[in-house]
Ligand code: PEP
Ligand code: MG
């Protein structure tokens, strides 16, 4: 017999007040984050309205079967519904005393605002009368009914939410009132009829023929049908485009599904003794130990998040006499929850006629600055260990701290102020819609997305924009939460902005400024300031909390972190960021500017004397570069790679030269000059290759142009000798790129050794310079045992290794087919950003064989993957000695390496 699958789990109390909860916080893959923590809160005795959770697996089975219910699942749900009705002593849809429920999504990982929710389910033309009788509050009952029709139509039937908002606005104008709360019971009753009319006109009767009654679509009155529709809609919302995009952004698997929580409604909109709010147990923006959040009196939860009315700060809750007791209880619960979950928590609550209910809790999202402070504070409060503190900060989040700020020296006038919702500063052109933001960024422009308030459909625009600015909503509004999660600067709730998105203009009250699309503005999400025009931005300094966490990280990390840098400034910067050396100095970056002319002379001249002269000039210039780099990294290793790219990269573009020749021909230029240009063109043409990335590059250059390695190694050795004479401790290492056979390395190693010996002799100093190679071709990885006999170190060039293992051109595929591969799930992620398991196998094989060939071999990685936290975990598993990454990723790599070590321990 097939094993019976448990699909539904109850939470909360029974009629006798006993806790009958079936789940707990460890069950988030079954119950979703929300369901698991509702269960946990009920288990620890917090006031949770009773309900039940339908498992994530049921959602996946339903959607994998093409939206078909697994056998028996609906029957189980109806059993749990009956059980809930018994526990509450009320029935859904009851004419005299109806039980109302909410139907909410809740995935294993929080996806704020991405999926659907339906509130007040169970109301119909009869049960609304029961609600009136029970509450003696007709206004509340009609308000609840109109909200239900509105949400059901929008969420379940996919109707445009504006149809309903416009009807509310029309009603407010007709009744001469400003605020929703001023509409009377009769007004709301009238609105229910209007809404039912809108439903009837707009319902999709092709998809839902069962809605047709007497020839027209009718709002469904049967509570069972309402519940089934709502659950199916929540299941469906797992696959909506914004949820799919959010998962892609946050690397959340598409296979997890969402749970559905069916829970008894409690009402924050039952008058002045009721309220609803969202809160964090600490400040989510800067980590201060204070209660942080917003609430609204006489409102339902969605009103707070939607930013429809301006909220009050949570600290004021206790000051309202009717809410003071519940406010105190809430603060006590904050302490209890932090103690229980040992983390900063995010909470949704409702106060119904003075009584507090907890609707949700989860580990709160926070900025990088807040994450650091909270981790350090909680360690000193004894709540968590140092190891846990290091694991509480997401490495990628540190990027936020490395984000630009307004230059303190800059002169600017504040145009308006709002809430400092997500730190960092941004400068860009004003755009008014997500689509315009995406389009502008595709054209290479930088934009600030300006919205009344954002909603989940704006996600693509929010990702594209430099920053986000809203005129409405609090620090827990959609814009604020999402921007903080993405690390994008955001200023929200700037009430002075009167935005007309249709006209694409913003009137700034109290000033004569009117901003139009394309005008440049600056925002500072750290202070909440908006400026008309561009403000100079600067990078922040690394201090305080970041240093502390990174120092702790260094205690646990076993893998070294070096930087990829090719000038003294970047070398110094990376050293300041904690780099323990340079893992890759790309010398070709030193051949730009004036020096391009010299290298062109070197490449294009066949006259040996002229060529030698150019080589000497280059060697001299490089000596100066290396001198600065080795000095900045005194005492630490600096791996200098010999010239790597195809030579034609240093030559003029044949296309530009072609145009020039045509112009000279047309304008009758001097014959000798024209001949010289044609000659140049012919030479450049002779360097053209069909596959330059597989051609004359890497060590092949050194073999074909033997002067090249000599001039470069001479410069390295000379700079080291100069510093040694000054009493410093330079530690250069010479790296040969793109080796595929041991013979190449053997030959070039001999050249390098001879040159180093020559310089040592000339300079009268002892030089001990290691010589190694990059492993970036499959043949090198599979013959690493042979290659290692000639190498002191290996550095895995995972950019080229990815290119050559897949046979993907690294310069082309990311714009071309990788996006399609990702969309079609042929690849789980971009292998040029996060190391692919197949390429990682190459690295592993290279390390194992390499150590056979030379047990003292040092092994590291210097491809872009060296700064990617996920790849760093893989490299730690392989046992690399270090990763090397761009200077700004050094702090990220230090933290990721510590987390990898702690995970392995
Ligand atoms: C690599 O290939 O991974 C590497 C670091 O070298 P480059 O990107 O310069 O080819
Ligand atoms: Mg390479």
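The values are calculated or read from the model by the stated rules, or taken from the named source; none is laboratory data. Since the structure is predicted, the reported quantities are computational estimates derived from the model, not experimental observations. So basically every Cβ, Gly included, is an ideal-geometry build from the backbone, and we count neighbours across all protein chains shown.
Identification of strands (runs of 3 or more DSSP E) wholly contained in region 249-340 with 2 or more residues that are closer than 27 Å to residue 470 by Cβ and at pLDDT below 95 yields 275-280, 292-297.
The set of residues in region 450-472 being touching a strand residue (DSSP E or B) at 6+ places or on another chain (Cβ under 8 Å), in a loop (DSSP other than H, G, I, E, B) and within 18 Å of residue 242 (Cβ to Cβ) consists of 453, 454, 465.
Rundown of residues vs (1) surrounded by 18 or more Cβ atoms within 10 Å (Cβ to Cβ); (2) part of a helix (DSSP H, G or I); (3) in contact with a strand residue (DSSP E or B) (Cβ under 9 Å, 6 or more places away or on another chain), yes/no style:
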residue: 360; (1), (2), (3): yes, no, yes
residue: 378; (1), (2), (3): yes, yes, no
residue: 408; (1), (2), (3): no, no, yes
residue: 416; (1), (2), (3): yes, no, yes
residue: 429; (1), (2), (3): yes, no, yes
residue: 448; (1), (2), (3): yes, no, yes
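Hey, could you check region 786-795 for residues that are surrounded by fewer than 24 Cβ atoms within 10 Å (Cβ to Cβ) and assigned to a loop (DSSP other than H, G, I, E, B) and say which is nearest to ligand 1 (Cβ to nearest atom)? Checking each candidate, the answer is 792.
Taking region 110-198 and the helices (runs of 4 or more DSSP H) fully enclosed by it, the elements with 1 or more residues that are buried (at least 22 other Cβ atoms within 10 Å of the Cβ), at pLDDT 90 or above and touching a strand residue (DSSP E or B) at 6+ places or on another chain (Cβ under 8 Å) are at 127-135, 138-151.
The set of residues in region 563-614 that are within 16 Å of ligand 2 (Cβ to nearest atom), assigned to a loop (DSSP other than H, G, I, E, B) and more than 30 Å from residue 895 (Cβ to Cβ) is empty.
Within the option set 780, 754, 760, being out of contact with any strand residue (DSSP E or B) (no Cβ under 7 Å at 6 or more places or on another chain) and within 16 Å of ligand 2 (Cβ to nearest atom) holds for one residue only, 780.
Yes/no matrix, rows are residues, columns are (1) within 16 Å of ligand 2 (Cβ to nearest atom); (2) more than 26 Å from residue 246 (Cα to Cα):
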position: 797; (1), (2): yes, yes
position: 818; (1), (2): no, no
position: 822; (1), (2): no, no
position: 829; (1), (2): no, no
position: 834; (1), (2): no, no
position: 847; (1), (2): no, yes
position: 852; (1), (2): no, yes
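Taking residue 782 as the residue in question, decide whether it is touching a helix residue (DSSP H, G or I) at 6+ places or on another chain (Cβ under 8 Å) and within 16 Å of ligand 1 (Cβ to nearest atom). Taking the combined requirement at face value, the residue does not satisfy it.
Among the residues making up region 738-777, those that are in contact with a helix residue (DSSP H, G or I) (Cβ under 6 Å, 6 or more places away or on another chain) and within 16 Å of ligand 1 (Cβ to nearest atom) are 738, 739, 740, 773, 775, 776, 777. The set of residues in region 868-895 that are within 16 Å of ligand 2 (Cβ to nearest atom) and surrounded by fewer than 24 Cβ atoms within 10 Å (Cβ to Cβ) contains only 886. Take the residues in region 805-841 that are touching a residue at least 40 places away in the same chain (Cβ under 8 Å) and within 12 Å of ligand 1 (Cβ to nearest atom); name whichever of them is farthest from residue 697 (Cα to Cα). In this case the residue turns out to be 835.
Scanning for something in a helix (DSSP H, G or I) and over 19 Å from residue 717 (Cβ atoms), does region 615-635 turn up at least one residue?
Checked region 615-635: no residue is in a helix (DSSP H, G or I) and over 19 Å from residue 717 (Cβ atoms).
When we screen 883, 847, 890 for residues that are more than 14 Å from ligand 1 (Cβ to nearest atom), within 18 Å of residue 639 (Cα to Cα) and either modelled with pLDDT under 95 or touching a helix residue (DSSP H, G or I) at 6+ places or on another chain (Cβ under 8 Å) (or both), the only hit is 890. Determine whether region 853-862 contains at least one residue that is within 16 Å of ligand 1 (Cβ to nearest atom), at pLDDT 95 or above and more than 16 Å from residue 775 (Cβ to Cβ). Within region 853-862, not a single residue is within 16 Å of ligand 1 (Cβ to nearest atom), at pLDDT 95 or above and more than 16 Å from residue 775 (Cβ to Cβ).
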